[in-house]
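The values are calculated or read from the model by the stated rules, or taken from the named source; none is laboratory data. Everything numeric here is computed off the predicted structure, so don't read it as measured data. Ideal geometry is used to build each Cβ from the backbone, glycine not excepted, and the neighbour counts take in all protein chains shown.
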Amino acid sequence: MADGRFYLTTPIYYVNAEPHIGHAYTTIMADIIARQRRQCGDEVFFLTGTDEHGIKVARSAEEAGRSPREHADLLSERFRALGDVLASSHDFFIRTTRDEHVEKVQELVQKIYDNGHIYSDTYSGWYCAASEAFYTEAELGPDTTCPIHKTPVEWVEETNWFFRITDFRELLLAHYDAHPDWVLPGHRANEARRMIEDLEDLSITRAKLDWGVRVPWDDEQVIYVWVDALLNYVTALSFPDAQAAGASEDLWPADLQLMAKDILKFHAVIWPAMLMAADLPPPRRLFIHGYVLKGGEKMSKTVGNVIDPFPFIEAFGIDALRYYLAREIRFGEDGTFTQEGFEARYSGELANEYGNLLNRTTSMVGRYRDGVVPADRGDDGALAAEAAQVVAAVTEAFEALDLTRAADEAWVLVRRLNRLVEERAPWRLARDDAKAAELDQALASLAEGLRITSVILWPYMPGSSEAALRALGQDPGAVGLAGAVWGRGIAGARVEPTGPLFPKVEDFA
């Protein structure tokens, strides 16, 4: 990160099929990171978008009775709409069919060619259209199937243009040696190193496809969709409307690029080699997350085991889904999405522990102090110190990109405040005028602890956290991390009790 600016990307999503919860997961995790960086005062540029070329899109369009462009327009809009539903705060949404992208891709590929890293040769190999990738015999599944999609692959023979990626083997390994935390988690870096050691030159064009970016020196070929797609992280920074949204070409290299493990090779091996060949620096860090699983398998439209996120969002709200995915699935590892687990987190933690705590606190302030939060008498220094420790632990976990641990640490404060209610029993203190000072301190501490809790939970649940701050009589826009300090809240705040923050959901199926 340079000059307080932070450039973050998701992979761009392929428009061959409808979005599903796997796509939602990546966007949500990236958004949590983006929001937390903004809390820290960074100027964030957060990029997402859609990958719209290649044989898979062309075939999907044909099956649907559409032109590739019509198909791309329709599906891209659905991914854009998904981002809105997910409360994604991305700054720009790129489409690879835009003229600005096409021209910049041709410019960068031409530079790699002019630098002497591209040559013509004949290629033959096993190709999976669903992955837009070639596989060796050793990588194939049973009965000559794709190891990811479990569907039959096809034998392809073409004369293409090849990227001499093998010339970058030693440079790539040296980069990994010099930057041991460049790819996280660490075991993904080890996987990438093994891929680098087994490198073969890469076919970067296709001769039998029209739906793609034309090779600038050979109009009969199009650029391999993965080369086209990877370059979006650089090309988007030159778009006039992206620059109006905060981009600039000097934002490269990206500070963090987030993706799922199935595209590790493309991002951790091919992508940095392409950048080196184009005289550009690699991104500063890659984070590879695991799969959202259903029934022990990665969700995939091709496999047919997809969970639709929209019914969960409609019934429980987007913040519940964001929280569940972050807390239930250890960031960087595979995790299983289950309806039972989702409902347990929703009712047990969100509704009962956080939502009910807020409701009880505002109700007691309303009943016992006419809706005005009492002044903090300073008698809960130990509790204030505990809150500071939680904020520090959450911040430290975010620095390590451990989003799950950060959520776990934040929940320590939620549970501590719930214990405080039982320990102090404000309803009993209210019966004894001699204990008015104790009641004041209990209510003040609960309100201030909840304010801090809502600030540190904001990256995960922005809408709910802002609603909680509003209910506490605080500024719902005051979510900067510098304000997550005991005593920084608005003094004498008037609570505004609302309905349940996480209302009970009946008969969801």
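Cβ-Cβ distance below 8 Å, separation of 6 or more or different chains: which pairs start in the range 145-156 with a residue that is outside any loop (DSSP other than H, G, I, E, B) and end on one that is of a type in the set (D, E, K, R) and surrounded by fewer than 18 Cβ atoms within 10 Å (Cβ to Cβ)? Listed by first residue and then by second, the contacts come to Pro152/Asp143. Of all residues in the range 56-80, those that are aliphatic (A, V, I, L, M), surrounded by fewer than 23 Cβ atoms within 10 Å (Cβ to Cβ) and assigned to a helix (DSSP H, G or I) total 3.
For the range 204-220, the candidate set comprises residues that are of a type outside the set (Lys, Arg) and crowded, with 22+ Cβ neighbours inside 10 Å; within that set, the residue that is farthest from the chain's Cα centre (by Cα) is Val215. Candidates are the residues of the range 227-286 that are among the acidic types (Asp, Glu) and within 19 Å of the chain's Cα centre (by Cα); the one that is modelled with the lowest pLDDT is Asp262.
Residue check: Ala192 meets all listed conditions (1) under 19 Å from Leu108 (Cβ atoms); (2) buried (at least 20 other Cβ atoms within 10 Å of the Cβ) but one, namely (1).
Take the conditions touching a strand residue (DSSP E or B) at 6+ places or on another chain (Cβ under 9 Å), within 15 Å of Met259 (Cβ to Cβ), at pLDDT below 95 and not basic (Lys, Arg) and apply them to Ala24. Does it pass? Answer is yes for this residue. Give me the residue from the range 417-441 that is within 16 Å of Gly366 (Cα to Cα) and not aliphatic (A, V, I, L, M) and, out of that set, surrounded by the fewest Cβ atoms within 10 Å (Cβ to Cβ). Checking each candidate, the answer is Arg431. Selection of the range 105-135 for residues being under 25 Å from Ala277 (Cα atoms) and assigned to a loop (DSSP other than H, G, I, E, B) yields Asn115, Gly116, His117, Ser131, Glu132. State whether one or more residues within the range 339-356 are surrounded by fewer than 16 Cβ atoms within 10 Å (Cβ to Cβ), at pLDDT below 95 and not in a helix (DSSP H, G or I). Within the range 339-356, none of the residues are surrounded by fewer than 16 Cβ atoms within 10 Å (Cβ to Cβ), at pLDDT below 95 and not in a helix (DSSP H, G or I).
For beta carbons closer than 7 Å, sequence separation of 6+ or different chains, a first residue in the range 179-203 that is under 19 Å from Met274 (Cβ atoms) and a second that is surrounded by fewer than 18 Cβ atoms within 10 Å (Cβ to Cβ) and of a type in the set (Val, Ile, Thr), the qualifying pairs are Leu199/Thr166; Glu200/Thr166; Asp201/Thr166. For the range 117-138, what are the residues that are loosely packed, with under 14 Cβ neighbours inside 10 Å, free of Cβ contacts under 8 Å to residues at least 24 places away in the same chain and not β-branched (Val, Ile, Thr)? Listed by number, the residues that qualify are Glu137, Ala138.
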